[in-house]
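Reading through the structure tokens given below for one structure.
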Amino acid sequence: MASNSGAVPKLFFNPQHVGEAIEPNFIGRSASFQCGAVLRISLHVDESQRIDEAKFKAAGCSVLVAAASLLIDQVIGKTTGEAAAVAQRADQLQEKIGALPAERSECLLLACEALVSAIRNYSNSARDEWEGDEALICTCFCVSERTIEREIQEKGLRTIAEVTAACSAGGGCRSCYPLIHDILDDCEREKRIGS
């Protein structure tokens, strides 16, 4: 792992994206009981599901502040699905930050968790406000219930991982996992009744 010892102090003393995203915004939080750190990320998402503004507030160490600043740099301009995928790769954030003591690796995870939490809040809100003909299940990748059902029936899918591989549903913030699970159960039940 490449050492980038100057990144943490530089971003701690001159952090980017501190504050509150413009309204309406979607909030995600994370915290550590071990060290007492708290992080809050707010996102503003445009009509095309792109994050056009993201800000954070942190009470914690320099690594947490640097991680939040770097993570937000990476996701501005991305769709919520792309941003969720970035947040699921704490190892890539580790590469940008550089070598850290083992006990500070949790700070990277806190930044990723807060971002995913904010995206989940956006996804839940978008799902609730959806007015289309079909129920929207995965807002990160705009996958409808009908599409998921079709993929399950045509390909004999049995797990959420198989559904994600087939149509991307569940590949972002994962807030749709319970919904996909219910669809899988319903399809299995219909299959048993029909046979």
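Condition check ((1) at pLDDT below 90; (2) surrounded by 16 or more Cβ atoms within 10 Å (Cβ to Cβ); (3) not β-branched (V, I, T)) across all residues:
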residue	(1), (2), (3)
A111	no, yes, yes
A114	no, yes, yes
E149	no, yes, yes
L157	no, yes, yes
A165	no, no, yes
C176	no, yes, yes
K191	yes, no, yes
G194	yes, no, yes
Whether any residue in the stretch 127-140 is farther than 23 Å from R29 by Cα, in contact with a helix residue (DSSP H, G or I) (Cβ under 7 Å, 6 or more places away or on another chain) and in a helix (DSSP H, G or I) is what I want to check. no
For C173, state whether it is within 30 Å of G60 (Cα to Cα) and either in a loop (DSSP other than H, G, I, E, B) or touching a Gly at 6+ places or on another chain (Cβ under 6 Å) (or both). yes
Taking only pairs six or more apart or across chains, which ones have beta-carbon atoms under 6 Å, a first residue in the stretch 166-183 that is over 18 Å from A114 (Cα atoms), and a second residue that is buried (at least 19 other Cβ atoms within 10 Å of the Cβ) and among the aromatic types (F, W, Y)? S168/F141
Here is a check on your reading of the model: is A118 assigned to a helix (DSSP H, G or I), surrounded by 17 or more Cβ atoms within 10 Å (Cβ to Cβ) and of a type outside the set (D, E, K, R)? yes
Looking only at the stretch 22-47, count every residue that is touching a residue at least 24 places away in the same chain (Cβ under 8 Å), more than 11 Å from A118 (Cα to Cα) and open to solvent by 70 Å² or more (accessible area, probe 1.4 Å) and tell me the total. 3
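The values are calculated or read from the model by the stated rules, or taken from the named source; none is laboratory data. Worth saying up front: this structure is predicted, and the values here are computed from it rather than measured. Don't worry about glycine lacking a Cβ; one is built from the backbone with ideal geometry, like all the others, and counts go over all protein chains shown. Side chains included, ligands, DNA and RNA excluded: accessible areas come from the protein's heavy atoms. Shrake-Rupley method; radii C 1.70, N 1.55, O 1.52, S 1.80 Å.
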